[in-house]
Each structure stands twice: as structure tokens, then as C-alpha cells.
1. When you go through (1) outside the structural domain of residue 469 (by TED's automatic domain parsing); (2) in contact (Cβ under 8 Å) with a residue 12 or more places away in the chain; (3) closer than 30 Å to residue 59 by Cβ one by one for residue 338, which number turns out not to apply?
2. If residue 198 satisfies every condition in (1) surrounded by fewer than 19 Cβ atoms within 10 Å (Cβ to Cβ); (2) within 18 Å of residue 47 (Cβ to Cβ); (3) in contact with a strand residue (DSSP E or B) (Cβ under 7 Å, 6 or more places away or on another chain) but one, which is the exception?
3. Here is a check on your reading of the model: is residue 159 touching a strand residue (DSSP E or B) at 6+ places or on another chain (Cβ under 9 Å) and over 20 Å from residue 88 (Cα atoms)?
4. How about the stretch 400-444: which of its residues are assigned to a helix (DSSP H, G or I) and either at pLDDT 95 or above or under 14 Å from residue 512 (Cα atoms) (or both)?
5. Scanning for something in a loop (DSSP other than H, G, I, E, B), modelled with pLDDT of 95 or more, in contact with a strand residue (DSSP E or B) (Cβ under 9 Å, 6 or more places away or on another chain) and within 24 Å of residue 296 (Cβ to Cβ), does the stretch 217-232 turn up at least one residue?
6. Scan 234, 218, 275, 302 and give me the residue that is buried (at least 16 other Cβ atoms within 10 Å of the Cβ) and in the same structural domain as residue 429 (by TED's automatic domain parsing).
7. Among (1) at pLDDT 95 or above; (2) over 29 Å from residue 416 (Cα atoms); (3) outside any strand (DSSP E or B); (4) out of contact with any helix residue (DSSP H, G or I) (no Cβ under 8 Å at 6 or more places or on another chain), which single condition is residue 260 missing?
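The values are calculated or read from the model by the stated rules, or taken from the named source; none is laboratory data. Predicted, not measured: the structure shown is a model, and the values here were computed from it. Note that each Cβ is placed from the backbone with ideal geometry, even for glycine, and that neighbours are counted across all protein chains shown.
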């Protein structure tokens, strides 16, 4: 296609969707419209890292199991499963009515049913070094055969089995991740790397077109296997249209005009227009907009590089890290900078919403400037004298929070210098242990607190894991390993709270807040409620 034709096509596409609104002229089409300012890099679930990609892949693909809104693991393509051999063997019985999207690729063969062999291929692909999936870590506990191939087996067309090296309680939850989606081997091998923009799955919507940076359109899968409680086939929507406006203020204006049906999260540029000071929807919008909220399993934090070999780095001293933790008021920060959207991080690293979140047992840091000054003096820096400025790496989206912390800490003699970086660059430097102090967040991958505590297990340092602080404590490691051998959930959660308390004492992080999922939707949009992992599930959404 020539450059001129591409421009004409793009203009026509944008105009067509701007004109159609939620329904076409005949009023028989429901089109759900939302924006992804961060863009979408791929539609291949093997690379489904980051919310924008995960949300899109959730419309296109299914896995063996799924999560309900209470974080219970529920059947999906697998209608049931059994766990045997001391928790090391998982055997799944598949539904017999699940088909891959009926695209032109299958037009000569008709619909193609999903079998256990498809899961063997899809899961093995995640571990294939040539694919280089960032999700390869999820199968670290999967056993290997003598020839080195992973222990994924198709016992017959409808029975799929996985063998682990050891009992690992979070494993069934890990299988709900989008990395574990089923894909058709023949399509993936035909397109190779271009499968990223020729996706074929089993999900409620199927691929229609993608003009990168402009519009992604998904249409209803007429052969989708799930039905609602009344026997009506899902999804209710006819299509999903995703735009890619980068400027957040422009996104807000499009939403207010009614050109978008949905907006997620809070941005400084529009939070005061939508919210009251106490975090409620501004009454002037109540007839046109719904505000939907839920606890969100996301911990926002500042991380210290505690493995730093620089002996002159004052952050190696636990007392300095604790002083920073005591040195600013999280409650005030949430009230004035977040309109109370979220919960002040005064407990541990495990967020509100997890079963092992226990503010009575896990004591984090409240605002206590006197204690901070005492710790500074004990470390040899009375009232901060002699303490060199501490650089804090932050992306532009979180600059206001870090400026607030900078101002508060300055009052007790701790000087921060803010190094504002592009988010992608900051993440890369963080992973390479190049940042002594950095802002980060951890969003739940699967519903077990192990996912949070694993960030501090010494064997999870890069390049094999996500221990970005370089924290290493033999006592922590020993208890962490022990916790993963406990079958009883209550006893395992007890271990998790002890581990979280240990982290707070050593202070490799500054917990800022536990997030809250916030969605703004048009008044005529129904069933778009958020959930604790903030997954965008459009199967039951409908528009009046």
C-alpha cells in the first residue's frame, strides 16, 4: 500500500468509527470504544507483558483456567482438573466445544477444534529460547524429560497433563496468566514473528484490523463457547474499537464528548475535574458518567539498590532507609495528590486485597519525623548534616509524588535529587542494577502473595527473576522456601506475614500506597466493573 493510500485509509477508518458511535445507523451494533495511550506492541500472548497488551490479549485468547472477580480459579477451556502425586501432577479435562477463530486461514478446513496437543505446543513455545518470551519464568517448576523437553503431555485429545519438579501452591493461579493462552500451531508457524499482528485465538472477540498507532478493531466471535446464566451466548458486544491517543488531556476530552465509553485510572491533568477532594465522583457528572472502583493488587513503591558495592553509598545503611520511610506523610500524600484514590502504604509490601495482608501484624512506616531524625543521628548524620544528596529515578507520570516526598524529606535534612527518565529506560536501568534509588510498582501476576515476596528472594536476581533491589537475607530465603512447601493456606499466609515483617525491618523499599482500580464509564455502559487485578473483561459488557 502506498503512503498516500495508507493516509487515506487511516482517515476513512477514524471517520467511520467517529461517526458510528456505539451503534450503527440501524441501531443494531454495540461497539465498545476505549483508548490505550501506552500503545500496543504485540497481539501475541507469548509477549503479553504490560497492561495494554494483556487487556487486548484477554479479548482474543483463553487458557485452561481463569479468575473470577473474587480471585478464585475457575474453569475455562479446562472444564475440570485434578492434582495428584503430592501436588506435582496436574491433569486437565478439556471442553469439546472450543474452536479457534474461523479466519481465512481455516476456510478450506472449516472450524478447528482445540485439543490437548495445542496446549502442549502453546506452553512449550513459552519455554522455547528462540521465542524469547518474557513469560518463560512461569514454568520454572515444570519438570523436564530425559531429552530436556518440558513435561507437558497430551494423554488424548481432551486430556492435558503437566508435571512439576516439586509441590508449588501458586501454580494453578499462574495458569490464569495470558502467557498461558492456547494458540494454533499451524497459524503461528505460518506467520512466524508476524503472528503478532495476525492473531488467532479462541477468545470472545477475533481480530479485524490494526492500523498501528491509530486504531485496533476486534469483532465478536460468533463461535465463542461461553454462555451467560440464562443460556445466552457471550459476548454481548458486536465489536471493540481501541484508539491510541497519547496525550492524556486529549483522551479525557474525547471521553467527555462521548467519543470513548471507558477511561481507566486517574491522571493529574483531569482528576480534579472528575473527583471531589475525598475521591468521589463530582456530582455534576452523575447523570452521564459512572465511577467504578475496586481494591487493586498493585503496590507502588520506591526501591533501594541494597546490593550496591559502593561503600560510600549511604543507602547501604538500613538506618538511612528507615529514616526515609519515616520522613514523609503518606496519608497527606494520598489526600492531596491522589484524591484518596488508593490506600496509604503503612503496612507491608503485600497489598490490601490479598488474604495475607495484615496491618495488625505487619507494621510498616507511619509519618514520624522525630524517629527519622534519631535514625539519621545514629547513622552519623545529625539533622542530615554531611549526608550527600540522594538521586531518585522517576518517570514523568510519578513526578508529582516524588516532588512531594522530596519536599517533606528536605525538612529533616535529607536532600533528594530527581532524575526524570523515560519509563522504558528507567525499567531497563532498574533491571541492570544501575539505579541506587528508583520508583517502581508491582502488579499481581497471579493471586498468591508469593508473587510479591519473590521480588526479594536472593535467587531471583536478574537476569532470572525480578529482584530489582538486590536484597539478600539468608533468614528471609529460608522462610520463603519453607512457605512454598506448606499445603494449608492459613499456615502459608502466616509465613507470608512473617516474611513481610522481615522486609519492613530491613527496608529495601519505601511502600508508597496500595492502589485502587478506578474506571469511568458512560452511563449507558453496563457490567464494566473492575476487579482486584484490574483485568478488562468485556464478555458481559453491554451498551443501551
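1. For residue 338, the exception is condition (1).
2. Status for residue 198: all satisfied but (3).
3. Values: touching a strand residue (DSSP E or B) at 6+ places or on another chain (Cβ under 9 Å): yes; over 20 Å from residue 88 (Cα atoms): no.
The answer is no for residue 159.
4. Our first condition is that a residue be assigned to a helix (DSSP H, G or I); within the stretch 400-444, this holds for 400-410, 423-431.
Scanning the stretch 400-444 gives 400, 401, 402, 403, 404, 405, 406, 407, 408, 409, 410.
5. No: zero hits.
6. Working: 234 fails: in the same structural domain as residue 429 (by TED's automatic domain parsing); 218 fails: in the same structural domain as residue 429 (by TED's automatic domain parsing); 275 fails: in the same structural domain as residue 429 (by TED's automatic domain parsing).
Going through 234, 218, 275, 302 in turn, just one is buried (at least 16 other Cβ atoms within 10 Å of the Cβ) and in the same structural domain as residue 429 (by TED's automatic domain parsing): 302.
7. Result: residue 260 passes all but (4).
Here is a yes/no grid of residues against (1) surrounded by fewer than 17 Cβ atoms within 10 Å (Cβ to Cβ); (2) modelled with pLDDT of 95 or more; (3) closer than 24 Å to residue 141 by Cβ; (4) in contact with a strand residue (DSSP E or B) (Cβ under 6 Å, 6 or more places away or on another chain):
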position: 41; (1), (2), (3), (4): yes, no, no, no
position: 55; (1), (2), (3), (4): no, yes, no, no
position: 70; (1), (2), (3), (4): yes, no, no, no
position: 75; (1), (2), (3), (4): yes, yes, yes, no
position: 82; (1), (2), (3), (4): yes, yes, yes, yes
position: 92; (1), (2), (3), (4): no, yes, yes, yes
position: 98; (1), (2), (3), (4): no, yes, no, no
position: 110; (1), (2), (3), (4): yes, no, no, no
